[in-house]
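Take a look at the structure below.
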């Protein structure tokens, strides 16, 4: 037994020096670390910011960014005006163009009744026109449009009465032109047409043997006379003026592209009409009252 313990102790003495040489020697504080060769698989780790995408990495070196001075609200209005103007022009381009006859009618209303004499709450002018003419897009601005075959008051009485008595429109213009096919058809034999169209044309009283121009002017005078009789109270009180006009698109009356006034409240004398238009005295012209009555609502 003693010999066995002695042999084990001798073996331990031989192993301790080998184990001490295999262990890494301790490094004293402040001593240099000996360089060891890097293995092939030991790749240095990337910095945290290098793991980010290129678009999110911090700028190195930093790039200066220019910040313009903040503008005051009154200064920013100047830069917003061009965009607002472009929007206005775009809206005007989308809006349908007004027919030449309606533009002439609106110009006549502006000359006879300036904006200062009439409020903006109601239309300044009501137009009774033929449905076969160019204007078909409805009312625009201060213009109230009523259309039917032959610009007849009988067919458009509901719309005209709404403009005159509800909206208090001071000017009623009966508009005629050579484009009105209903009047041209009424000059001939229309017995082959459907009964509904025949009833519409029977109320157009024109000479069967006349010219197309004379038929248009005769129908215009008839419709103006009917309107003066139907709205006689408004006309006598100076709240309404009924004007008949022919749009001379082809120059048949020597006024190509112009509006020719043929009657004012039933007055058909050319010299009297010219004087009333020149003086802008179209209200109650039949009784000599040239201007609207005070408090009449114009």
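Just so it is clear, none of the values below were taken in a lab; they were calculated from the coordinates. Everything numeric in this text was worked out from a predicted model, so none of it was measured.
When averaged across all projection directions, what area in nm² does the alpha-carbon convex hull of the stretch 128-268 cover?
Dividing the Cα hull surface by four gives the mean projection, 8.6 nm².
Can you tell me what share of the DSSP beta bridges in the stretch 100-287 is antiparallel? A percent to the nearest 5 is fine.
The antiparallel fraction comes to roughly 30 percent.
What is the extension gain from residue 202 to residue 161, computed as 0.36 nm multiplied by their sequence separation minus the C-alpha to C-alpha distance, in nm to one decimal?
Working it through step by step, the gained length comes to 12.5 nm.
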